[in-house]
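Peer 1: Sharing a structure, written as structure tokens. Questions coming.
Each value in this text was obtained by applying a stated rule to the coordinates, not by laboratory testing. Remember, predicted model here, so these are calculated numbers, not experimental data. Cβ placement follows ideal geometry from the backbone for every residue including glycine, while neighbour counts extend to all protein chains displayed.
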Ligand code: HEM
């Protein structure tokens with residue numbers, strides 16, 4: 001049982017070698033730790049700290065999670081008589097109590113036409129899974145730059161996480177998913193929940209490395225692959241036995257997909273010989289399979305047509321890590337193909353079908369990015385509100401400054417608009433078949449992604465201003481803000497740059513401009 005002290009007793013331990021502090025009514029013995037303290041010894045010997053209640057100063061310098069680490073929990077020697085801790089951390093799977101930190105549908109006072117009990121059940125269980133399994137691994141891998149641990153791949157397979165990330169479909173039928181959701185009832189709003197909860201790992205690169213291959217690379221194999229290859233690859237990737245990635249962009253071609261130079265030449269035995277390279281390939285470092293787009297020559301179709309291939313690492317492609325400011329944990333790579341031979345049955349969707357396959361995937365990719373950005377911005381708001389309430393400047397909390405409140409108002413209003421917009425598009429996905437979605441949602445999705453990444457950068461920028469110097473260091477108080485600000489730029493480029501997407505949306509609407517209507 002924890003020992004009980006009076007504040008007078010604690011005050012006597014106020015020197016080097018005999019140093020106690022009180023944080024939130026808990027008494028810590030820092031006598032030995034003080035010399036190892038990352039913030040130094042002198043700050044702990046300050047007359048307002050040594051032997052005193054250091055709650056306010058502690059929370060202006062450290063995140064709560066510091067106190068939860070086992071090595072620091074050991075410093076606890078007791079608590080103050082007749083006092084209870086006032087700070088109540090958010091428990092595993094719980095919702096934040098900070099206003100606007102959660103999407104409105106999670107606010108019990110609010111109503112939504114989109115969500116039912118199955119959505120709520122999935123959200124609850126998925127959040128606990130992120131908190132307990134993914135978050136710790138994500139943070140460790142962001143620091144080490146490594147791929148997710150085998151235990152995480154296993155845990156995801158057991159809970160059918162990859163299955164869910166692919167969106168609704170026959171691959172879920174007969175399965176019981178997290179929260180007891182039946183595979184048949186899983187819809188685009190369940191997928192929205194899964195996508196948004198994943199952003200709470202606060203590890204953008206890790207998330208990309210862990211999942212982009214599944215929802216970008218696998219759908220073409222699922223929709224167009226030939227058996228038995230199709231079933232084997234689906235099983236291996238969904239169940240975490242193999243990692244997959246998508247390889248389209250090159251040093252020569254980004255948003256202008258057709259500018260690619262990677263080529264595949266048909267051989268006399270029907271196989272293909274691939275030469276060229278791919279650049280910025282997320283998860284490429286850990287990929288066993290690549291869904292590759294290359295221009296084909298000497299086949300049945302026209303020379304230079306884009307064709308999709310499933311390439312196995314054993315076929316001999318090479319991957320080199322690209323150092324980005326994003327994250328090593330994304331496994332971003334430069335992939336080279338030097339006379340890599342691909343069997344004829346590894347063509348996906350037929351010769352020349354590559355562009356159709358690639359473009360058919362774009363809406364889903366952009367929707368996914370928009371959903372993540374909307375939830376990521378909520379995370380920024382939660383961080384900024386908590387920080388503004390606990391950080392004191394000129395004797396008052398930051399929240400007492402009108403200029404800070406103005407920044408928060410601009411941030412919150414954008415995050416609210418983002419969630420409303422993505423839910424509107426998600427609702428269309430529940431009502432339109434795939435073909436109609438491609439036709440109808442290309443423009444709206446392009447505008448949505450363009451605007452979201454503009455807003456995301458604005459929010460990240462405001463958050464940096466609110467956190468100050470803490471937001472540019474990768475550890476400590478502002479580390480989530482540092483990560484968000486560093487990675488927001490990638491959303492503006494990946495999946496189609498803002499400029500290209502805006503133009504795409506306008507060009508699409510031009511096709512529908514009426515000739516029989518004038519001003
Ligand atoms: C249980 C008691 C404490 C523990 C376990 C602890 C632990 C840490 C850790 C792990 C860091 C590295 C940064 C981070 O991860 O947030 C840090 C930094 C720091 N700590 Fe503490 N600390 C304690 C108490 C205090 C107190 C009472 C003060 C009062 C002044 C203090 C002042 C600082 C400062 C100034 C830094 C550097 C912050 C920065 O780089 O911005 N610490 N501490």
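Peer 1: So what is the relative contact order for the range 361-511, in percent, with contacts set as C-alpha pairs under 8 Å and at least six apart? Provide the component values of the computation, followed by the final result.
Peer 2: Working: 152 pairs, mean separation 44.2, N = 151.
Relative contact order here is 29 percent.
Peer 1: Next question. In deg cm²/dmol and to the nearest 500, what is the mean residue ellipticity at 222 nm of the chain if only DSSP H runs of at least 4 residues count, each as -39500 (n - 2.57), divided by the residue total?
Peer 2: Details: 18 runs with 224 residues, N = 519.
The helix-only estimate for the chain comes to -13500 deg cm²/dmol at 222 nm.
Peer 1: Say each of residue 74 and residue 405 gets a label point 7 Å from the Cα, pointing the same way as Cα to Cβ; how far apart are those two points in nm?
Peer 2: Output for this residue pair reads 4.7 nm.
Peer 1: Turning to a different aspect of this structure: Determine the gain in length on full extension of the stretch residue 432-residue 267; use 0.36 nm per residue of separation and subtract their C-alpha separation, reporting nm with one decimal. Numbers along the way, then the final one.
Peer 2: Numbers: separation 165, 0.36 × 165 = 59.40 nm, distance 4.17 nm.
Length difference between fully extended and current span is 55.2 nm.
Peer 1: For the range 177-242, what does the equivalent ellipsoid look like in terms of its semi-axes, each the square root of 5 times an eigenvalue of the Cα gyration tensor, given largest first in whole Å?
Peer 2: Working: eigenvalues 104, 60, 22 Å².
Result for the range 177-242: semi-axes of 23, 17, 10 Å.
Peer 1: Percent relative contact order of the chain, based on C-alpha pairs within less than 8 angstrom and at least six residues apart? Numbers along the way, then the final one.
Peer 2: Details: 894 pairs, mean separation 63.0, N = 519.
Relative contact order here is 12 percent.
Peer 1: Can you pull the one-decimal nm distance between simple spin-label points at residue 158 and residue 11, each 7 Å off the Cα toward Cβ?
Peer 2: Output for this residue pair reads 5.3 nm.
Peer 1: While we're here: Quote the Stokes-Einstein diffusion coefficient, in whole µm² s⁻¹, for the range 244-352, based on the Kirkwood radius over alpha carbon pairs, a temperature of 25 °C and a viscosity of 0.890 mPa s. Numbers along the way, then the final one.
Peer 2: Values: Rh = 13.8 Å.
In µm²/s, the coefficient rounds to 178.
Peer 1: How would you classify the range 92-202 from its alpha-carbon gyration tensor, with a ≥ b ≥ c the square roots of the eigenvalues: rounded for a/c under 1.5, else prolate if a/b is greater than b/c, otherwise oblate?
Peer 2: Numbers: a/c = 2.29, a/b = 1.16, b/c = 1.97.
It comes out oblate by the Cα gyration axes.
Peer 1: Could you grab the relative contact order for the range 92-202? Cα pairs under 8 Å, six or more apart, rounded to a whole percent. Mind dumping the intermediate values first?
Peer 2: On the way: 112 pairs, mean separation 36.2, N = 111.
It rounds to 33 percent for the range 92-202.
Peer 1: From the Cα gyration tensor of the range 3-80, with a ≥ b ≥ c the square roots of its eigenvalues, which class applies: rounded if a/c is under 1.5, or else prolate if a/b is larger than b/c, or else oblate? All intermediate terms of the calculation are to be shown ahead of the outcome.
Peer 2: Numbers: a/c = 1.34, a/b = 1.10, b/c = 1.21.
Note, shape of the range 3-80 comes out rounded.
Peer 1: Where Rh is the Kirkwood radius over the Cα pairs of the range 416-519, the temperature 20 °C and the viscosity 1.002 mPa s, what D in µm²/s does Stokes-Einstein return?
Peer 2: Values: Rh = 15.8 Å.
For these conditions, the coefficient is 135 µm²/s.
Peer 1: Distance in nm between label sites at residue 149 and residue 318, each 7 Å beyond Cα in the beta-carbon direction?
Peer 2: 3.4 nm
Peer 1: Tell me, rounded to the nearest percent, the portion of alpha carbon pairs in the chain spaced more than 40 Å apart. Don't skip to the end; give the middle numbers.
Peer 2: Working: 40963 of 134421 pairs.
Value for the chain: 30 percent of Cα pairs lie more than 40 Å apart.
Peer 1: Would you mind checking the tilt of helix 117-129 against the longest principal axis of the Cα atoms of the chain, expressed as 0 to 90 degrees and rounded to 10?
Peer 2: The two axes meet at around 70 degrees.
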